[in-house]
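Working notes, beginning with the structure itself.
Read the figures in this text as sums done on the coordinates, not as results from a lab. These figures come from a predicted structure and were not determined experimentally. In this analysis, Cβ positions are derived from the backbone assuming ideal geometry, glycine residues included, and neighbour counts consider all displayed protein chains.
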Amino acid sequence: MPQLSVVVPVFNERDNIPPLLAEIATALRGRVDYEVIYIDDDSSDDSRAVLAAQKSSHPELRVLHHVTRSGQSTAVWNGVREARSPWIATLDGDGQNDPADIPKLLAARAAAAAETRLFAGWRTTRRDSFNKRISSKIANAVRSRMLRDATPDTGCGLKLFDREVFLRLPYFDHMHRYLPALVKRAGFQSQSVPVSHRPRTAGVSKYGMLDRLWVGLADLRGVAWLMRRGKVTKVEEL
């Protein structure tokens with residue numbers, strides 16, 4: 001039974017797969033027993049073939065494939081469901097998250113209170129285009145004001161969380177962007193941990209500025225409703 005499951009959703013990231021897997025191995029081998037679960041979201045390039053070829057040099061690797069394209073949140077959800085460890089680390093498949101930061105999240109977990117079940121990466125220095133940085137800054141400010149989730153950066157793909165708690169959360173498309181608020185709604189706490197961020201060196205971004213804006217506004221209203229209607233009551237057995 002691995003101590004950690006690393007879940008990586010990918011769509012058309014064939015050139016980022018080998019270097020990211022190598023970095024995960026460098027960061028974790030000899031430190032923790034782990035597995036890596038890649039979920040291919042029905043890529044139109046040869047990402048699946050590249051992943052299959054990597055299994056010979058990465059025995060920790062498991063590969064899942066969506067028969068129909070379903071999006072990043074569904075990929076993460078399916079990866080977590082299939083994971084064998086009680087703790088999950090997630091990474092974006094584009095290589096902008098540094099796997100060397102995973103031990104930093106594990107160290108934060110070791111020092112945290114028991115009720116803290118989510119450790120969210122906080123990209124203190126963004127390595128994105130000007131438009132992406134501005135749209136992200138606006139989205140984070142609006143989200144923080146509406147949800148009061150006390151989290152400076154929910155869009156970072158690098159996270160560490162309790163698998164059981166995650167699977168209790170309400171599932172919806174784009175839910176991965178609202179994990180701190182959803183974890184709070186479930187009665188637990190989250191902690192932001194400063195991590196590095198790197199420029200994309202291969203492939204292209206799958207999101208545009210307007211896509212993020214309009215989808216984000218619709219999701220934000222839904223999550224705000226969930227926060228208002230949520231109720232957690234502690235139960236004692238006599």
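Output wanted: per-residue J couplings in Hz (rounded whole) for region 78-88, from phi through Karplus 6.51 cos²θ - 1.76 cosθ + 1.60, θ = phi - 60°, x for Gly and Pro.
The phi angles translate into 5, x, 5, 4, 8, 5, 9, 9, x, 10, 10 Hz.
On the first, second and third principal axes, largest extent first, how far apart are the outermost C-alpha atoms of the chain in Å?
Each principal axis gives a Cα extent; for the chain these are 50, 48, 34 Å.
Taking K and R as +1 and D and E as -1, what net charge do the other residues with C-beta under 13 Å from the C-beta of VAL67 add up to?
Value of the local net charge: -1.
Identify all aspartates and glutamates with a Cα-Cα distance to LYS55 below 16 Å; exclude those on the same chain that are fewer than 8 residues away in sequence.
Of all the aspartates and glutamates, those that pass the test against LYS55 - Cα under 16 Å, at least 8 places apart if same chain - are ASP15, GLU23, GLU35, ASP40, ASP46.
Would you mind getting me the FRET efficiency between TRP225 and SER196? Use the beta-carbon distance for r and R0 = 41 Å, nearest 0.05.
Result of the calculation: an efficiency of 0.70.
Each residue of region 28-39 in order: what ³J(HN,Hα) in whole Hz does its phi give by Karplus 6.51 cos²θ - 1.76 cosθ + 1.60, θ = phi - 60°, with x for Gly and Pro?
In residue order, the calculated couplings are 10, 4, x, 9, 8, 6, 9, 10, 10, 10, 8, 10 Hz.
Whole-Hz Karplus ³J(HN,Hα) for region 223-234, in order, using 6.51 cos²θ - 1.76 cosθ + 1.60 and θ = phi - 60°, x for Gly and Pro?
Once θ is set to phi - 60°, the couplings for region 223-234 become 5, 4, 4, 4, 5, 5, 8, x, 8, 10, 10, 6 Hz.
Which cross-chain or sequence-distant (5 or more) residues have an amide H under 5 Å from the amide H of SER43, H modelled 1.01 Å from N in plane?
When sequence neighbours closer than 5 places are left aside, the close amide H contacts are ASN12.
Treat the count of other C-beta atoms within 10 Å as a stand-in for reagent exposure and order GLU60, GLU115, GLU236, GLU82 from fewest to most.
By the 10 Å Cβ count, ascending: GLU236, GLU115, GLU82, GLU60.
Take ILE102, ILE17 and order them by how many other Cβ atoms sit within 10 Å, fewest up front.
Listing ILE102, ILE17 from fewest to most nearby Cβ atoms yields ILE17, ILE102.
What order do you get for HIS66, HIS176 when you list them from fewest to most C-beta neighbours inside 10 Å?
The most exposed by this proxy come first: HIS66, HIS176.
Run the simple label-point estimate for ASP45 and ALA113 please: 7 Å along Cα→C-beta, distance reported in nm.
It works out to 4.5 nm between the two label points.
Would you list which aspartates and glutamates come within 20 Å of LYS184, measuring only between C-alpha atoms, while excluding same-chain residues fewer than 8 positions from it?
Cross-link targets: GLU115, ASP149, ASP153, ASP162, GLU164, ASP173, ASP219.
Find the relative contact order for the chain and round it to a whole percent, using C-alpha pairs within less than 8 Å whose residues are 6+ positions apart.
Values: 405 pairs, mean separation 55.2, N = 238.
The normalised contact order for the chain reaches 23 percent.
With both partners inside the chain, how many of the DSSP beta bridges are antiparallel, as a percent to the nearest 5?
Within the chain, antiparallel bridges account for around 25 percent of the total.
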